[in-house]
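Heads up: the structure comes next, in structure tokens.
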Amino acid sequence: MPDKKIYALMLKSYPDILNIHELCEVLQISTKTGYKLLREGKISSVKVGRTYRIPKVSLLSYMKIMNPPQRG
């Protein structure tokens with residue numbers, strides 16, 4: 001089974017838009033490290049008020065499963 005399908009199945013139980021706690025759970029990292037990845041732009045996110053919203057596709061891009069989104 002290709003990597004893309006494996007990771008899609010692994011993340012199936014997560015919503016399309018993750019919060020910081022879900023991100024850290026998937027990557028098995030601390031929230032401090034999760035916030036650092038977001039601040040440094042290593043994982044694309046949107047800040048809504050005081051919270052970060054992370055599209056699942058951004059996480060997959062970070063994990064090198066999908067091509068990064070093209071900006072034009």
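The values are calculated or read from the model by the stated rules, or taken from the named source; none is laboratory data. Small disclaimer: the values here were computed from a predicted structure and weren't measured. Glycine gets a Cβ as well: all are built from the backbone with ideal geometry, and neighbour counts include every protein chain shown. Ligands, DNA and RNA are stripped out before the accessible areas are found, and what is left, the full protein with its side chains, is counted by its heavy atoms. Shrake-Rupley method; radii C 1.70, N 1.55, O 1.52, S 1.80 Å.
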Note to self: When you scan segment 44-57, do you find a residue that is surrounded by 12 or more Cβ atoms within 10 Å (Cβ to Cβ), assigned to a helix (DSSP H, G or I) and of a type outside the set (S, T, N, Q), even just one?
What the structure shows: yes
Notebook entry, point to check: Tell me, which residue of segment 33-43 that is open to solvent by less than 80 Å² (accessible area, probe 1.4 Å) and outside any helix (DSSP H, G or I) is nearest to LEU18 (Cα to Cα)?
Noted result: ILE43
Check: ALA8 versus (1) open to solvent by 80 Å² or more (accessible area, probe 1.4 Å); (2) in contact with a helix residue (DSSP H, G or I) (Cβ under 9 Å, 6 or more places away or on another chain); (3) modelled with pLDDT under 95; (4) part of a helix (DSSP H, G or I): which is the lone unmet condition?
Finding: (1)
